[in-house]
Amino acid sequence: MQLTEKRKADRAKMADILEALATEKGAKVTRPDSLHPREIRLKIEVEGGPYVHVEFDGSAPSPDYYDLTWNVDHGSLWAFSSAFGDVNAYHFTKASRAAKGFTALCNVIADDIETLLSGRGYCAERAMKRARDKIELERDGMDYAKSLVGAGQGTKWADGRECESPEQVRAAYEAMPGRIAKLEAFIAASAPREACTGFDW
């Protein structure tokens with residue numbers, strides 16, 4: 001009998017099988033809280049920052065059809081390569097996948113993990129572009145924060161409530177040169193895959 005997310009026992013079995021497969025391939029798997037009782041969620045993470053959520057949902061409108069999106073952890077400069085298929089062409093941090101049926105899902109996840117861990121799913125040129133964009137944002141942030149620091153001011157929300165205190169603004173301002181230097185070093189080293197994590201924005 002074919003496994004289907006429509007059956008409770010099958011959902012548990014499918015989640016266990018996929019978790020074991022992804023772990024064997026070298027990924028880290030966690031189980032975030034489910035959104036409702038008929039769902040089992042997995043988060044599959046690969047070293048360097050890529051991750052994907054998989055849901056086995058007994059209430060899915062299209063059961064056993066999986067729309068998957070690989071994303072990149074907030075503190076990573078990972079950029080997906082063209083070898084990874086349907087990649088966002090602006091920031092390179094989202095890649096879309098689709099699988100019909102559990103066997104196809106397992107094949108897609110297994111292939112993706114192998115592609116990512118082999119390095120074929122990473123593009124250094126795109127990662128350098130991401131780093132340059134971050135540097136530009138940091139420099140804009142410094143220009144904005146400089147006048148606030150000079151005046152001893154914080155920031156406020158649109159309704160007048162305090163957003164950041166003067167001390168928080170100063171701390172953020174003083175951290176920006178270090179972040180820029182780290183990004184520049186990443187670019188100077190030609191964006192090695194092993195150095196694309198650990199950034200604190």
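Quick notes on this one:
- Residue of ILE17, ILE187, ILE113 that the Gaussian network model of the chain assigns the largest fluctuation, springs spanning Cα pairs under 10 Å: ILE17
- Read-out Rg/Rh (Cα atoms, Kirkwood Rh), derived from the coordinates shown; its label in [x] 0.97; [y] 1.01; [z] 1.09: [z]
- In this Cβ point-charge picture (+1 for Lys and Arg, -1 for Asp and Glu), the range 116-167 has a dipole of about 400 debye about its Cα centre.
- C-alpha long axis of helix 166-188 to longest principal axis of the chain, angle in °: 70 degrees
- Euclidean distance between Cα centres, the range 1-61 to the range 138-201, Å: 37 Å
- Size of electric dipole in the range 81-165: Cβ of Lys, Arg +1 and of Asp, Glu -1, about Cα centre, debye, nearest 20: 140 debye
- Estimated 222 nm signal from helices in the chain, with DSSP H stretches of n ≥ 4 weighted -39500 (n - 2.57), rounded to 500: -15000 deg cm²/dmol
- Among PRO37, TYR51, PRO61 - extreme Cα towards positive end, dipole of the range 29-69, charges at beta-carbon: PRO37
- Axis of helix 102-118 versus longest Cα principal axis of the chain: the two differ by about 40°, to the nearest ten degrees.
- If you look at the Cα atoms of the range 9-94, you get an Rg and a Dmax of 14.0, 41 Å.
- Per-residue 3J(HN,Hα) values for the range 15-26, derived from phi via the Karplus relation 6.51 cos²θ - 1.76 cosθ + 1.60 with θ = phi - 60°, read 5, 5, 5, 5, 4, 5, 5, 5, 5, 4, 6, x Hz in sequence order (x marks Gly and Pro).
- Distance violations [Cα-Cα > 32 Å] among LYS6/LYS94; LYS94/LYS146; LYS43/LYS129; LYS100/LYS129; LYS28/LYS134: LYS94/LYS146; LYS100/LYS129
- A 1.4 Å probe run over the protein chains yields, for the range 1-62, 57 Å² of accessible area per residue, whole-number rounding.
- Kirkwood Rh (inverse of mean 1/r, distinct Cα pairs), the range 24-70, angstrom: 11.6 Å
- This model, with +1 at the C-beta of Lys and Arg and -1 at the C-beta of Asp and Glu, gives the range 1-86 a dipole about its Cα centre of some 300 debye.
- Extreme residue, positive dipole direction of the range 84-125, given options ASN107, PHE84, GLY121 (C-beta unit charges): ASN107
- Computed over the chain, relative contact order equals 18 percent, with contacts defined as Cα pairs under 8 Å that lie 6+ residues apart.
- Carbon + sulfur, % of accessible area of the range 153-201 - ligands and nucleic acids excluded, 1.4 Å: 52 percent
- Just the protein heavy atoms count here, and of the accessible area of the range 23-139 at 1.4 Å, carbon and sulfur take up 47 percent.
- Where the range 77-124 is the region considered: accessible area per residue in Å², 1.4 Å probe: 42 Å²
The values are calculated or read from the model by the stated rules, or taken from the named source; none is laboratory data. As the structure is a computational prediction, the values presented were derived from the model and not from experiment. Quick reminder, even Gly has a Cβ in these numbers, built from the backbone with ideal geometry, and neighbours come from all protein chains shown. What goes into the accessible areas is simple: the full protein's heavy atoms, side chains included, and nothing from ligands, DNA or RNA. Shrake-Rupley method; radii C 1.70, N 1.55, O 1.52, S 1.80 Å.
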